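A short write-up of the structure that comes next.
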Amino acid sequence: MPYQTLLFEIRDGIAIVTINRPDKLNALNHTVIDELGEVVDRIATDADVKAAILTGAGPKAFVAGADIGELSQCDVSTARSLSQKGSRIFRHLEQCLKPVVAAVNGFALGGGCELALSCHMRLASENAKFGQPEVKLGTCPGYGGTVRLPRLIGRGRAIELLTSGGMIDAQEAYRIGLVNRVVPQDQLLAEAEKLLRTILEQGPLAVAMCLEMVDDQEHLPLDAALALESRRFGELAGTTDFREGTGAFLGKRKAAFEGR
Ligand code: COA
């Protein structure tokens with residue numbers, strides 16, 4: 001299916017989604033948001049897709065935020081609807097049971113930083129820059145920035161980024177845990193793919209369970225989360241993959257998982 005603002009390809013099970021408005025630093029206009037909604041559904045449901053990478057076109061930007069031209073036209077009602085729509089899509093991405101990596105290849109500002117935060121993992125190129133500059137425009141993040149940023153990097157650091165509108169570079173993003181690692185730009189996609197290939201070699205049901213559990217534990221009390229983990233640990237012991245994984249270790253051979 002062709003998209004107007006996204007490039008989409010599946011490379012041996014890994015979907016590579018490129019936000020493709022480089023002349024506008026890949027800013028999120030209505031079309032990008034709608035198409036991201038379609039692509040997230042596709043990643044979640046297409047059996048040919050086992051994992052995904054999100055990145056931006058060109059050497060300069062991952063996504064430089066919401067399209068400010070469109071944003072400037074919003075009133076109370078349309079701004080709220082836009083935020084609700086984007087938030088639903090980003091939440092769906094975050095809850096996807098297939099691993100998703102943001103390959104942040106430049107500016108990740110506003111909605112771009114929020115999009116990266118909604119992916120399971122973030123790799124950054126050396127020129128990447130992160131920030132939530134919405135306050136400079138007299139608004140606040142609308143796609144989860146005030147919610148996910150403090151959860152990932154802590155309240156104090158998040159409040160500084162959110163309220164100052166300032167940017168941090170890739171090394172600082174790494175230092176505070178906003179990205180998993182920093183790599184040269186020409187190796188970014190290869191590193192993201194390598195990480196996902198490693199994950200795809202593991203038991204797929206177990207990987208999905210980890211993704212689901214990490215999300216579920218965020219909104220459960222400690223004891224309920226631990227109880228849920230025990231239930232899921234039990235469920236996995238009933239799978240063919242568990243027999244295969246443990247048998248392969250004991251038999252000193254590589255496991256051949258079937259995802260059942
Ligand atoms: N929305 C719409 N257009 C955007 C955009 C955005 N968020 N970010 C960049 N662009 C456009 C610019 O208007 C410019 O378009 P033009 O060539 O038609 O004038 C083009 O992308 C290139 O951007 P430019 O500002 O010339 O690049 P730069 O290297 O000088 O600066 C940034 C890069 C990222 C610092 C700067 O573009 C910027 O501050 N963007 C807005 C970031 C932001 O506030 N995002 C949050 C929105 S809620």
- prompt: Is there a residue being in contact with a Pro (Cβ under 7 Å, 6 or more places away or on another chain) and within 16 Å of the ligand (Cβ to nearest atom) anywhere in segment 193-215?
  reply: no
message: Would you confirm, using the coordinates I've provided, whether residue 186 is of a type in the set (Asp, Glu) and touching a residue at least 12 places away in the same chain (Cβ under 8 Å)?
response: no
query: Does any residue of segment 202-213 turn out to be surrounded by 13 or more Cβ atoms within 10 Å (Cβ to Cβ), under 24 Å from the mean Cα position of the chain (by Cα) and in a loop (DSSP other than H, G, I, E, B)?
result: yes
statement: Of 48, 34, the only residue that is assigned to a loop (DSSP other than H, G, I, E, B), among the charged types (D, E, K, R) and out of contact with any Cys (no Cβ under 8 Å at 6 or more places or on another chain) is 48
field: Matching residues in segment 198-215 - criterion: being without any contact (Cβ under 8 Å) to a residue 24 or more places away in the chain and touching an Asp or Glu at 6+ places or on another chain (Cβ under 9 Å)
entry: 213
statement: The strands (runs of 3 or more DSSP E) lying entirely within segment 87-196 that contain at least 3 residues which are over 27 Å from residue 74 (Cβ atoms) are 100-104, 121-125, 181-183
query: Which residue out of 124, 102 is more than 13 Å from the ligand (Cβ to nearest atom), small (Gly, Ala, Ser) and under 9 Å from the mean Cα position of the chain (by Cα)?
result: 102
query: Would you pick out the residues in segment 10-25 that are surrounded by 15 or more Cβ atoms within 10 Å (Cβ to Cβ), in a helix (DSSP H, G or I) and near the ligand (Cβ under 8 Å from one of its atoms)?
result: 24
message: Can you tell me how many residues within segment 106-137 are farther than 17 Å from residue 159 by Cα and of a type in the set (Asp, Glu)?
response: 1
message: With the structure loaded, tell me whether residue 155 is within 19 Å of the chain's Cα centre (by Cα), more than 16 Å from the ligand (Cβ to nearest atom) and at pLDDT 95 or above or whether it fails that test.
response: no
message: Looking at segment 118-143, I want the residues that are touching a residue at least 40 places away in the same chain (Cβ under 8 Å) and have a partner that is near the ligand (Cβ under 10 Å from one of its atoms) and acidic (Asp, Glu) with Cβ atoms under 6 Å, at least 6 apart or on another chain. Which pairs are those?
response: 143/114
task: Under 7 Å between Cβ atoms, at least 6 apart or on separate chains: pull out the pairs that start in segment 58-83 with a residue that is in contact (Cβ under 8 Å) with a residue 24 or more places away in the chain and end on any residue that is within 7 Å of the ligand (Cβ to nearest atom) and assigned to a strand (DSSP E or B).
output: 60/107; 61/107; 62/107; 64/107; 64/109; 65/109
message: If residue 119 meets every condition in (1) surrounded by fewer than 23 Cβ atoms within 10 Å (Cβ to Cβ); (2) within 19 Å of residue 60 (Cα to Cα); (3) touching a strand residue (DSSP E or B) at 6+ places or on another chain (Cβ under 7 Å) apart from one, which number is that one?
response: (2)
task: Look through segment 52-82, keep the residues that are within 11 Å of the ligand (Cβ to nearest atom) and either in a strand (DSSP E or B) or of a type in the set (S, T, N, Q) (or both), and return whichever of them is surrounded by the fewest Cβ atoms within 10 Å (Cβ to Cβ).
output: 72
Any chance residue 29 is polar (S, T, N, Q) and more than 29 Å from residue 194 (Cβ to Cβ): yes
- prompt: Considering 7, 36, 28, which residue is of a type in the set (A, V, I, L, M), touching a residue at least 12 places away in the same chain (Cβ under 8 Å) and surrounded by fewer than 22 Cβ atoms within 10 Å (Cβ to Cβ)?
  reply: 7
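The values are calculated or read from the model by the stated rules, or taken from the named source; none is laboratory data. Treat the numbers as computed from the prediction; the structure is a model and nothing was measured. Positions of Cβ are backbone-derived with ideal geometry, glycine not excepted, and every protein chain shown enters the neighbour counts.
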